[in-house]
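Okay, so here's the structure we're looking at.
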Amino acid sequence: MSIRTAFRKTRAIAPLHTSGPFAVTNDGTRLFTCVGDEVVLTHIETGTEICKFKGDTTSITSLTISPSSTHLVVFYTSLVLRVYAIPTTTAPIAEKVAPTRTVTHAHEAPVHICRIDESSNLLASGAADGVAKVWDINRGYVTHVFKGHGGVLSALAFSTVGESSQRRVRLITGSADTRIRIFDLSASSSRSAGAKPQAVLEGHVSVPRGLAVTPDGKWLLSSGRDAVVLVWEIAVGEGSSETKLSGKGKGKAKAGANHTLTKTIPVFERVEALGLLDPSEVLAQSSNASSTQLLFFTGGEKGAVRIWDAWSGSVIASYGGQGTQVSEELEEQRQIVDAQYIPSTSTIASMHADQNILFHSLRTGALTHQLVGFNDEIIDATFLSPFPNQTDSHLAIATNSSLIRIYSTANLDARLLSSHTDMVLCLDRGANGRILASGSKDKSARVWAATTTPEGACEWTCVAICEGHAESVGAIALSRKSEGDGEKSECRFMFTGSQDRTIKMWDLSNLSNRSKPTSLVTHKAHEKDINSLDVSPNDRLLATGSQDKTAKIFEIEHIVTSAGVRGDVRLLGICKGHKRGVWNTKFSRTERVLATGSGDKSIKLWSLDDFTCLKTFEGHTNSVLRIDFINQGLQLVSSASDGLVKLWNVRNEECLASMDNHEDKVWALAVSTDERTLVSGAADSVITFWTDCTEEQVQEKEAKRAELVLKEQDFNNYISLQDYRNAILLALSMDQPGRLLNLFKSIYASRSAEAEKSGPSITGNASVDQVIKTLPAPDLARLMTHIQYWNASARTSHIAQTILYAILKFRTAEDIAAAFDVASDFSEMVSQDVQDLDLDDGNAKTNRRKAAERGVAKETGGSLKSLVDGLIPYTERHFARADRMVQDSFILDYVLGEMDSGLSIDELPMDLDTPVGA
């Protein structure tokens, strides 16, 4: 069995929406959401992030996209207006999209609502100071300013009637003074700052939140937080007299007698979103529907999208919002804060207060997509296989919420399971992934079973509620062996561990919808909170981990007789040795060993025969929170509070790789059935998919090695043929400064003989001089970078100075500066590639090499100034040393001269003890 050495990040589920508005393109394929001060563009079908739009460090107050899906308009709390060009590609874009136009002071107050007309040219914006502006997007100036609104503008809508010269455009506004105003953009008088509205409609008693106008411009629908929808008949032309319907309301219309309140429809909820629908799209939902109906949708505090017939005032269809009774807090989270109708796909997209975005099809009435905007802290995760022919097709996520998220691993479509009344703390799977168990702060555990709908979709149903603990259920484990096959497979029993320091064993046989299993045994297992439970693959052993720094091994007894089911646990041994609480325990699926992860930053491997510690793995810098075995028990994976996921070799206790994509505690770690995919979830609300890439890395290394061998052979051939140009270019492309240095040394050493043949040369060979004269820009920049490092050593400085002199002699300053400008773009790419490498892989030598590569990559395309600053100090030092050597040579010459002019040997006395001249 080969050891796996590398896992690569293949996908990440990051926050999709944190706050603010959203928008969907008219083709229903792309979604715009707000994450902090940036707008994120996401492909709805695949769930992949296409790009981000560069923000201005302040929060977003309003955004909208043009009907043609060419422009995105964003307003910020800094009063800045930014217009972006929307990319047409669906492939991910690494760089953030910069704005094409920026208006630094668009309004005097924050803009809370904005809309673009159907021509994609006019932008209307409404601010908190009661001022509405109309902008020409293409030309970038204000065409109209409307003042006089009594408070914050809360709704905007365009009405366009006619074509070409007969085209008439009106702007309809709603504000905090409950009035609706109609402005004629075609009238010349409306271009002045004091332009008066064509009509002021009074009928609401609370803030209007939605406005919609029929295509013929005759009917206006308005909704608000007063729980009613008003239908207005508005005049198409100035002074026109339309036929009125009977049964008119009591609303008022100022400054225009041809605008009348026709109908008041009570909806019995605060309405936050309103829109018109095509009757043909709703015919399948109601046999009473007619193409002459005026249909609209509403979304509000009840969390449901409802389709209404304006003339009868009745509900035709309702989507979402159904389910069991939930807490008041959860009901507030489900409220709809915005909704949008997508005609091309006949879908309504609704944004809820909990940042979830739901897509309901009007043709089928089904929930087609659900995107989770913000997961908050990820606490636990496990793979699920609800379909017999699809393994690990879904992923269950527990966050600091009472809702369990079920993601599709194919397109990140999510579903929410609601049954718990408090935060879900732990998850486990059984019956080959068709059974899900959850433990919560509500002191109970739930068992969920997967069923397949007639349409082929997957639904999860709560089949059991286990109550009896006195504190939160923080650990849960299902039996590993399942009874039955396929959809009929079920688990035999389940264990739960609680803050009340007890474990309970539950009988899961004969489960029905929301049944309450009996507790077979209750046992006080530890002196402090129980953090982890795990059942051995053969269902015979139970491991518990606790804050009391110990892990315990129990023998499981589960007997089914004709009289009933009997269960018990018996303590076999205690694993002592950790200095802090034990966060996780895991049985090996092949060996009789148990792994434990602790707050003392270590992982320990225990024997199940005598409960002694066999190995200790150290490398994390904070508490180890999750562990698991992979690769037939030969390796371990772990996650910790330091934000890292580590891969270990069990045999030699070596850390093979560190995976880093989190900025906070990694609480969740899940391993796929084939053990080739890891999923990590952290407190930074990011879920990361890691895929085994060991084979790919081996193949890449082998291909690089073969390529390097061929290049080395070519290099030697060039040297033997004295083809110095190709030799130098190849050495530069191979990024082997040592070979290049040796080449220059050998050429310089043979300079005397060469000078006699071809004349004087700076480098020692005229052909090398010619190479330096014609060296391409990127290679020139790289050569000068190598010279900087050679110049730092006294042993190689003479070669560095020689080549540097040749460059300065043969190349102009403009050539050198241009070379560094060209190389800077290449350097950014190389530097990014080097940064993608894992620096911490447990090998200090490899870490130093990679760090050096990263430094060289950053310097290769650095500025010319930094290179010169690095050359000058060492060059001055070399010249100072040369000056001192010359001075020393003069002193030596002087001493030798004095010695030569002194006494001769004949003048020396024979008796060395007798002084001269005695």
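For region 122-153: of the residues being of a type in the set (S, T, N, Q) and at pLDDT below 95, which is surrounded by the fewest Cβ atoms within 10 Å (Cβ to Cβ)? So that I can check it myself, show each step before the final result.
Keep residues of region 122-153 that are of a type in the set (S, T, N, Q), which gives 125, 138, 143.
Remaining after also requiring at pLDDT below 95: 138, 143.
Details: Asn138: 13, Thr143: 15.
Going through the qualifying residues, I end up with Asn138.
Looking only at region 102-121, count how many residues are modelled with pLDDT of 95 or more, within 23 Å of Gly162 (Cα to Cα) and of a type outside the set (Val, Ile, Thr).
Number of matching residues: 1.
Quick check on this structure: which one of Thr77, Thr61, Thr102, Thr46 is closer than 24 Å to Leu358 by Cβ, of a type outside the set (A, V, I, L, M) and touching a strand residue (DSSP E or B) at 6+ places or on another chain (Cβ under 7 Å)?
Details: Thr77 fails: closer than 24 Å to Leu358 by Cβ; Thr102 fails: closer than 24 Å to Leu358 by Cβ; Thr46 fails: touching a strand residue (DSSP E or B) at 6+ places or on another chain (Cβ under 7 Å).
Unique residue meeting the criteria: Thr61.
Does region 799-808 include one or more residues that are at pLDDT 85 or above, hydroxyl-bearing (Ser, Thr, Tyr) and surrounded by 11 or more Cβ atoms within 10 Å (Cβ to Cβ)?
Taking region 799-808 and keeping what is at pLDDT 85 or above, we get 799-808.
Filter once more, keeping what is hydroxyl-bearing (Ser, Thr, Tyr): 802, 805.
From what is left, the residues that are surrounded by 11 or more Cβ atoms within 10 Å (Cβ to Cβ) are 802, 805.
Yes: one or more hits.
I'd like to know if region 270-288 contains one or more residues that are within 18 Å of Gly174 (Cβ to Cβ), at pLDDT 80 or above and assigned to a loop (DSSP other than H, G, I, E, B). Before the answer, list the steps.
The first filter runs over region 270-288 and keeps only residues within 18 Å of Gly174 (Cβ to Cβ), leaving 270-276.
Narrowing further to those that are at pLDDT 80 or above: 270-276.
From the residues that got through so far, the ones that are assigned to a loop (DSSP other than H, G, I, E, B) too are 270.
Scanning region 270-288, I find at least one residue that is within 18 Å of Gly174 (Cβ to Cβ), at pLDDT 80 or above and assigned to a loop (DSSP other than H, G, I, E, B), so the answer is yes.
Take the residues in region 409-431 that are among the polar types (S, T, N, Q) and surrounded by 18 or more Cβ atoms within 10 Å (Cβ to Cβ), then tell me which one is nearest to Asp684 (Cα to Cα). If you could, list the steps in order and put the result at the bottom.
Start the filter on region 409-431 by keeping residues that are among the polar types (S, T, N, Q), which leaves 409, 411, 418-419, 421.
Remaining after also requiring surrounded by 18 or more Cβ atoms within 10 Å (Cβ to Cβ): 409, 419.
On the way: Thr409: 20, Ser419: 25 Å.
So the residue we want is Thr409.
Which residue, of Phe387, Phe359, is in contact with a strand residue (DSSP E or B) (Cβ under 8 Å, 6 or more places away or on another chain), hydrophobic (A, V, I, L, M, F, W, C) and within 12 Å of Gly433 (Cα to Cα)?
Working: Phe359 fails: within 12 Å of Gly433 (Cα to Cα).
Result of the check over Phe387, Phe359: Phe387.
Can you find, within region 574-585, the residue that is surrounded by the fewest Cβ atoms within 10 Å (Cβ to Cβ) among those that are within 17 Å of Ile530 (Cβ to Cβ) and out of contact with any Leu (no Cβ under 8 Å at 6 or more places or on another chain)? I'd like the intermediate steps shown before the answer.
Quick first cut of region 574-585, residues within 17 Å of Ile530 (Cβ to Cβ) only: 574-576, 578, 580-585.
Keeping just the survivors that are out of contact with any Leu (no Cβ under 8 Å at 6 or more places or on another chain) gives 574, 576, 578, 580-582.
On the way: Ile574: 10, Lys576: 14, His578: 24, Arg580: 14, Gly581: 19, Val582: 29.
In this case the residue turns out to be Ile574.
When you go through Gly486, Gly545 one by one, which is the residue that is in the same structural domain as Ala670 (by TED's automatic domain parsing) and either aliphatic (A, V, I, L, M) or at pLDDT 95 or above (or both)?
Details: Gly486 fails: either aliphatic (A, V, I, L, M) or at pLDDT 95 or above (or both).
Being in the same structural domain as Ala670 (by TED's automatic domain parsing) and either aliphatic (A, V, I, L, M) or at pLDDT 95 or above (or both) holds for just one of Gly486, Gly545, which is Gly545.
Taking the condition surrounded by fewer than 19 Cβ atoms within 10 Å (Cβ to Cβ) and over 27 Å from Trp648 (Cβ atoms), does Thr518 pass?
When the stated conditions are applied, Thr518 passes them.
Can you confirm whether Lys615 is without any contact (Cβ under 8 Å) to a residue 40 or more places away in the chain and crowded, with 16+ Cβ neighbours inside 10 Å? Break it down into steps so the answer makes sense when it comes.
Values: without any contact (Cβ under 8 Å) to a residue 40 or more places away in the chain: yes; crowded, with 16+ Cβ neighbours inside 10 Å: yes.
Yes.
How many residues, within region 192-226, are surrounded by fewer than 18 Cβ atoms within 10 Å (Cβ to Cβ) and outside any strand (DSSP E or B)?
Of the residues in that region, 9 qualify.
Having 1 or more residues that are farther than 17 Å from Arg811 by Cα and within 40 Å of the chain's Cα centre (by Cα) is the bar; report the helices (runs of 4 or more DSSP H) wholly within region 695-796 that clear it. Outline the logic, then answer.
Working: elements: 724-733, 737-749, 751-758, 766-773, 777-790.
The helices (runs of 4 or more DSSP H) meeting that bar are 724-733, 737-749, 777-790.
Out of curiosity, is Leu571 within 16 Å of Thr544 (Cα to Cα), touching a Leu at 6+ places or on another chain (Cβ under 8 Å) and either assigned by TED's automatic domain parsing to the domain that holds Ser536 or not in a loop (DSSP other than H, G, I, E, B) (or both)?
Working: within 16 Å of Thr544 (Cα to Cα): yes; touching a Leu at 6+ places or on another chain (Cβ under 8 Å): no; either assigned by TED's automatic domain parsing to the domain that holds Ser536 or not in a loop (DSSP other than H, G, I, E, B) (or both): yes.
So Leu571 fails the test.
Would region 696-711 turn up any residue that is in contact (Cβ under 8 Å) with a residue 40 or more places away in the chain, surrounded by 11 or more Cβ atoms within 10 Å (Cβ to Cβ) and of a type outside the set (D, E, K, R)?
Yes; the residues of region 696-711 include at least one that is in contact (Cβ under 8 Å) with a residue 40 or more places away in the chain, surrounded by 11 or more Cβ atoms within 10 Å (Cβ to Cβ) and of a type outside the set (D, E, K, R).
List the number of the failed condition for Asp600; all other conditions in (1) out of contact with any Cys (no Cβ under 9 Å at 6 or more places or on another chain); (2) not in a loop (DSSP other than H, G, I, E, B) hold.
(2)
Of the residues in region 381-422, how many are out of contact with any helix residue (DSSP H, G or I) (no Cβ under 9 Å at 6 or more places or on another chain) and either within 18 Å of Val679 (Cα to Cα) or not in a strand (DSSP E or B) (or both)?
Of the residues in that region, 24 qualify.
What strands (runs of 3 or more DSSP E) lie completely within region 628-682 and have 3 or more residues being touching a Ser or Thr at 6+ places or on another chain (Cβ under 6 Å) and either assigned by TED's automatic domain parsing to the domain that holds Leu436 or crowded, with 19+ Cβ neighbours inside 10 Å (or both)? Explain how you work it out, then say what you get.
Values: elements: 635-640, 644-649, 654-660, 666-671, 677-682.
Those strands (runs of 3 or more DSSP E) span 644-649, 666-671.
Taking only region 347-374 into account, find how many residues are within 14 Å of Ile307 (Cα to Cα) and in a strand (DSSP E or B).
The total comes to 6.
Since Thr368 meets every condition but one in (1) within 19 Å of Glu459 (Cα to Cα); (2) surrounded by fewer than 24 Cβ atoms within 10 Å (Cβ to Cβ); (3) in contact (Cβ under 8 Å) with a residue 40 or more places away in the chain; (4) not charged (D, E, K, R), which condition does it not meet?
Just one mismatch for Thr368, condition (3).
Quick one: Val73 ticks every box in (1) assigned to a strand (DSSP E or B); (2) touching a residue at least 60 places away in the same chain (Cβ under 8 Å); (3) surrounded by fewer than 22 Cβ atoms within 10 Å (Cβ to Cβ) bar one, so which box is it?
With (1) assigned to a strand (DSSP E or B); (2) touching a residue at least 60 places away in the same chain (Cβ under 8 Å); (3) surrounded by fewer than 22 Cβ atoms within 10 Å (Cβ to Cβ) applied to Val73, the lone miss is (3).
The values are calculated or read from the model by the stated rules, or taken from the named source; none is laboratory data. Here the structure is a predicted model, which means the values were calculated and not measured. Cβ: placed from backbone, ideal geometry, glycine included. Neighbour counts: every protein chain shown.
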